[in-house]
1. Counting only protein heavy atoms and using a 1.4 Å probe, what share of the accessible area of segment 322-471 belongs to carbon plus sulfur, as a whole percent?
2. For segment 191-259, treating each Cα as an identical point scatterer without solvent, what Debye log10 I(q)/I(0) comes out at q = 0.12, 0.14, 0.17, 0.27 1/Å?
3. Could you do me a favour and compute the accessible area per residue for segment 370-456, 1.4 Å probe, result in Å²?
4. Using a 1.4 angstrom probe on the protein heavy atoms only, line up M458, M348, M439 by accessible area, largest first.
5. Could you sort the peptides 65-72, 95-102 by per-residue average Cβ neighbour count (10 Å cutoff), highest mean leading?
6. So if R0 is 41 Å, what FRET efficiency would Q57 and S335 give, r being the distance between their Cβ atoms, rounded to the nearest 0.05?
7. Taking 20 Å as the cut-off for C-alpha to C-alpha distance, list the pairs among K148/K470; K186/K470; K148/K186 that go past it.
8. Cross-link list K385/K433; K71/K266; K71/K159: which exceed 24 angstrom alpha carbon to alpha carbon?
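The values are calculated or read from the model by the stated rules, or taken from the named source; none is laboratory data. Treat the numbers as computed from the prediction; the structure is a model and nothing was measured. Here the Cβ positions follow ideal geometry from the backbone for every residue, glycine too, while neighbour counts run over all protein chains shown. The protein model used for the area step is the full one, side chains on, heavy atoms only, and it has no ligands, DNA or RNA in it. Shrake-Rupley method; radii C 1.70, N 1.55, O 1.52, S 1.80 Å.
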Amino acid sequence: LFRSTTVLVHVNGARKDDYKLTKVVTHAPRLDEGNYQGGKRDSFIRATLRHWLTAVQRTFLSTFLPAGYPKSCGERYMQYIMWQGVTNFAVTANSVLASTFLLYSVGLGVGAIPTAGALNWVLKDGLGQMGTLVFGKVIAHNFDVHSKSWYFLSMVLLKAATAVEILTILVPHYFLVMGSLANTIKGLAWMASGSTRSVFNLSFARDNNIADITAKSTSQYIFASLFGTAAGVSICSYVGQNFQLALLAYSLLTAATLLSSYSTVKNIPLATLNSTRLQLLAEQFLSSVRAAAAAKARRLPGSYSEAAGGPPGYSDSQIEYDRNYDEAVVHEIPSPSRLAREDPPLPMFFNDQRIMNPSILVGSPLDRVLEGDATLLVLLLTTFKYSHYIVLPAGGTLHVVLHQGADQRDICQAYLQACILRQRLREGARLHKGELAEMRIALQETLLAAERLTTPFMNALEGVGWRTEKV
């Protein structure tokens, strides 16, 4: 047996028909037959392993990732599903623990479940579902607008419901009340979580493959839940009916759930505009405008930065972009994937100073904001005579009142003006009902600035993938 590297063929004859193989000479060392068979066997094993690993990898990818990944999905899809998997694992494990303690409270720990306990179990499910229907009717319309906030809030609600279920063992005679309350909260949480996931799946679709992404999302959930169930069963077998150990396990799983769900929403590139994202984008756009205006003001005489003094609320270092705005400047607007990391799920809870100092409140009743001040009403009606909105700083809040005929452009302009006014308030401008003259000037100047900036602002938004057809 030989392993050949060079072969010399000796032939006799001058014609083609006389060619005949007589001898083969090889220049290679003779191998031991045992070693050759062993090498051949090792090579076969390696090839087989590579084949099976490739097949397993292909099966895994086709089961849990959409066809054509990564080109068929948006950015950060892998980070999203990894954190989503951690959330599903922790939620499932915690649910197993809570359900076990709920069964203990109804009588499983001391023998078979009595008939009254079984009836209570059925009743708490029915009452909980009725409560879910009532609350869902009231708040379901907000799931599309504030999907990130509702997803994170659904995880908080789910953890609250789990806590109620575990605490039921301390007061088993209130099983029906606490079980129904927990089921109502859980139903609302699952409604919010499921509804917002459809929005998230849509945001990652790039090749008309929303159904494929949704199907793979279900597979990912089942896979993570299987491991979560196994972990929950293991925890329950170790904890038993020890309430202190159960509380410790619940706390650790809750921390993992909230941390992973927060990381999940930070990787979702939603291209729709809600109040939070519109404010963040308007602030960044205005910052670029101010920077461009500052550069232009240094080249032009007579700007506010060079004059002695300026309009109320402006310092010497501050440039008035509504006067010196350069329309030829290309402004940097973050894309949906870039802004995702800066978009807080619950801005009020996290006290995000970018949009909470002061806050912008849309939909305030005009009569409540005016508080019967006829002079202020006349000022607003004359200032916003040709606009479909009113912006009014009052009580530490910027109130935006929209006309029923306001469209997308009107809403974007209203937010721009509110953000400009907010900047003036941060700079120390005195805009309140006792200073109507200064308020009139500030409202008129910021209205002119917002009118001029709205078109380039909306063009910049559309240029990086934001959907402005519905705000």
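1. 52 percent
2. -0.49, -0.62, -0.78, -1.16
3. For segment 370-456, the per-residue accessible area is 45 Å².
4. Largest accessible area first, the residues go M348, M458, M439.
5. The packing order, highest mean first, is 95-102, 65-72.
6. That pair, Q57 with S335, gives E of 0.85.
7. In this structure, K186/K470 exceed 20 Å between Cα atoms.
8. Checking Cα-Cα distances, K71/K159 exceed 24 Å.
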